[in-house]
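Everything below concerns the one structure shown next.
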Amino acid sequence: MKELVLEVPKVSWDDIGGQEDVKEQLKEMVELPITAAESFRRLGISAPKGLLLYGPPGCSKTLTAKALASESGLNFLAIKGPEIFNKYVGESEKTIREIFHKARMSAPSIIFIDEIDAIATNRDDDGSGHVSKQVLNTMLNEMDGVEELKGVVIIGATNRPDVIDPALLRPGRLDTRVYVSPPDKEARYQIFEKNTKNYNLQNKESFLTKLSDMTDGFSGSECVFLCRKAGVNAVKEERDCKIVKEEHFLEAFKGIQKNITPEMLEYYRDFESKYAVA
Ligand code: ADP
């Protein structure tokens, strides 16, 4: 099955601008229990089986899961929620069972389910409710096979945490939730720095600071896109271009529409407070 991708991503923690808290949390929750498995066993500390990364689109959820796998040397099985769905009844469940089987065989490993809301939806109003319930149940059964799942961590990612069936968020399943926020000013600076390495920017430091100030509310992917667009603008102007100038960025900036709205951030805060650990 082509969608059962087993890969070793080459993403390092340093490739991710900012998000220091998220990086630390994941190292502690996922990497430590596996790399220090013996001590965890000896001390009787349980490790989380699964976690949910949630937050606005383009803000490094996928990148983070890849860095985690890459840096800790874990195998990485990635799948997108909507891809699991298949119009033939039974195929989706088979796909899920195969992913978990493969993950157990290649443990220690991470099963990364992007757009997990597509599988684990609690809405029954689109006519596909019956199939999605079966798919969800299959996933819950696989997750509940505790003993067998040793060394397998499930990471789900979503932009829409509220449509996820609460059954999936219960203890022993995706019981740890991590909010991945849009990049703050410092993080944006780092993203710009990484993505303009070969641009020969003049007054680099002050320009990148200015750019970071101008881009409040941008997602990580919008910051990357801005750099790319500025580069393209420079090349359009001069084919044999060696330097990208401020004006190229300003022009690129005009054409970018921010996707993240204050209402969206409010929505994530609501979810966070609903599931806040007492
Ligand atoms: P999500 O899974 O949250 O929708 P991704 O992790 O797929 O977002 O990010 C999309 C792209 O945006 C990445 O491939 C990367 O190029 C860029 N990006 C997002 N956030 C960051 C960040 N903090 N540092 C560096 N690049 C980032």
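The values are calculated or read from the model by the stated rules, or taken from the named source; none is laboratory data. Since this is a predicted model, take the numbers as computed values, not measurements. All Cβ positions, even for glycine, are placed from backbone atoms using ideal geometry, and neighbour counts span all protein chains on display. Ligands, DNA and RNA are excluded from the accessible area calculation, which covers all protein heavy atoms including side chains. Shrake-Rupley method; radii C 1.70, N 1.55, O 1.52, S 1.80 Å.
Details
- Tally of residues being away from the ligand (no atom under 13 Å from the Cβ) and either surrounded by fewer than 15 Cβ atoms within 10 Å (Cβ to Cβ) or basic (K, R) (or both) across region 190-205: 6
- Check on F207, over 21 Å from P57 (Cα atoms), in a helix (DSSP H, G or I) and at pLDDT 95 or above: yes
- Residue within region 257-268 that is buried (at least 20 other Cβ atoms within 10 Å of the Cβ) and either farther than 20 Å from K61 by Cβ or of a type in the set (V, I, T) (or both) present: no
- Scanning region 218-243 for residues that are open to solvent by 70 Å² or more (accessible area, probe 1.4 Å) and within 16 Å of the ligand (Cβ to nearest atom) yields a total of 2.
- Entry remark, region 174-189: residues being more than 9 Å from the ligand (Cβ to nearest atom) and part of a loop (DSSP other than H, G, I, E, B) number 4 in total.
- Taken together, the residues in region 13-43 that are within 28 Å of Y189 (Cα to Cα), part of a helix (DSSP H, G or I) and either out of contact with any Ser or Thr (no Cβ under 9 Å at 6 or more places or on another chain) or of a type outside the set (V, I, T) (or both) amount to 13.
- Those residues of region 71-87 which are in a helix (DSSP H, G or I) and within 13 Å of the ligand (Cβ to nearest atom), in sequence order: G81
- Among residues of region 40-65 being at negative phi and of a type in the set (S, T, Y), the one that is most open to solvent (accessible area, probe 1.4 Å) is S46.
- Yes/no for A107 being in contact (Cβ under 8 Å) with a residue 24 or more places away in the chain and surrounded by 21 or more Cβ atoms within 10 Å (Cβ to Cβ): no
- Residues in region 52-67 that are without any contact (Cβ under 8 Å) to a residue 60 or more places away in the chain and more than 9 Å from the ligand (Cβ to nearest atom): A67 only.
- Number of the exception - H130 against (1) surrounded by fewer than 20 Cβ atoms within 10 Å (Cβ to Cβ); (2) modelled with pLDDT of 80 or more: (2)
- Single residue of region 159-189 satisfying the filter (among the charged types (D, E, K, R) and in contact with a strand residue (DSSP E or B) (Cβ under 6 Å, 6 or more places away or on another chain)) that is surrounded by the fewest Cβ atoms within 10 Å (Cβ to Cβ): R177
- Criterion applied to N200, N141, N233, N159 was being under 27 Å from M105 (Cβ atoms) and either touching an Asp or Glu at 6+ places or on another chain (Cβ under 6 Å) or of a type outside the set (A, V, I, L, M, F, W, C) (or both), and the one residue passing it is N141.
- Residue match in region 8-22 (condition: in contact with a strand residue (DSSP E or B) (Cβ under 7 Å, 6 or more places away or on another chain) and modelled with pLDDT of 90 or more): yes
- Within region 232-267, being in contact (Cβ under 8 Å) with a residue 24 or more places away in the chain, in a loop (DSSP other than H, G, I, E, B) and touching a Gly at 6+ places or on another chain (Cβ under 9 Å) holds for V244, K258, N259, I260.
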